[in-house]
Amino acid sequence: MENVSKIWLGPLPADSPYVKPFRMYYIQNGVEKNWDLLKVHDSVAIILYNSSRQKLVLVRQFRPAVYHGVITSEKGTFDSVDLQSFPPSIGVTLELCAGIVDKSKSWVEIAREEVLEECGYDVPVERIEEVMVYRSGVGSSGAKQAMYYCEVSDADKANSGGGVDDEIIEVVELSLDEAKRMLQKGAVNNSPPSCLMGLLWFFANKAPAAV
């Protein structure tokens, strides 16, 4: 799904619509300090459960930041990346359906749009339940994220999903046993904390009693 043929780095444009780096200065306990920060968009994430199939619905996609992080953790640098030694697949993640808050709509309406665009389910906002609100990237951005839960069925399927514009997103149906294995001690996942937290919440609060 990656279809990535060339990767290189460049300077961040000053007019980036997604990331704004800056330095905050403050005095704490009488000592002047500073901290380098990133201004990023707040976001929503949605736990999706298809009751017709008894499957959790997640998304798989190539994340450049994860690809960069995997390589620099191993090599220490990102110079002269060999796609044979470091295939783009190492930057592919398994995540909850999610999206940034960049529209003048309510957060739950944005969540509904993401469910339709990424996963292909058309559901009214009344069926989308707020789970919790928290802060992500507390060392770099402190961005706000709201997590939602939505139970869907095959009858709600309106299209194949996959994202909009130039997004390349694969819809993944995960059995409950497969999801549990992601949460076992010693598991190594290319998944963000919000995904793992969402799965834990699902099993604690929504999973069928027989599971």
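Each reported figure results from applying straightforward, stated rules to the coordinates on display, with no laboratory input. Note that this is a predicted model, so its numbers are computed, not measured. Cβ sites come from the backbone with ideal geometry, for glycine too, and all protein chains shown count toward neighbours.
Before anything else, pin down the relative contact order of the chain: Cα pairs under 8 Å, at least 6 apart, normalised by residue count, whole percent. Please list the in-between numbers first.
On the way: 354 pairs, mean separation 52.5, N = 211.
Result for the chain is 25 percent.
For the stretch 41-205, give me the percentage of DSSP beta bridges that are antiparallel, rounded to the nearest 5 percent. Present the calculation step by step, with values, prior to reporting the outcome.
On the way: 26 of 34 bridges.
Of those bridges, close to 75 percent are antiparallel.
Going Cα to Cα from K144, which lysines come in below 21 Å? Please leave out same-chain ones fewer than 8 positions away.
Reachable lysines: K20, K39, K103, K105.
Would you work out the charge dipole size for the chain about its Cα centre, treating the Cβ of every Lys and Arg as +1 and the Cβ of every Asp and Glu as -1, and quote it to the nearest 20 debye? Numbers along the way, then the final one.
Values: 21 positive and 29 negative charges, 150 e Å.
That gives the chain a dipole magnitude of about 720 debye.
Hey, can you rank 150-159, 38-47, 22-31 by average C-beta count inside 10 Å, highest first?
Per-residue Cβ counts within 10 Å, averaged per peptide and sorted highest first, yield 38-47, 150-159, 22-31.
Based on alpha-carbon centroids, what's the gap between the stretch 170-205 and the stretch 80-105 in Å, whole number please?
17
Please check: in the Gaussian network model of the chain (C-alpha springs, under 10 Å), which one of K103, K33, K185 has the largest mean-square fluctuation.
Top of the fluctuation ranking is K33.
Give the label of the value calculated from the structure for Cα extents along the principal axes in Å, choosing from (i) 46, 36, 29; (ii) 54, 48, 38; (iii) 52, 39, 33.
(ii)
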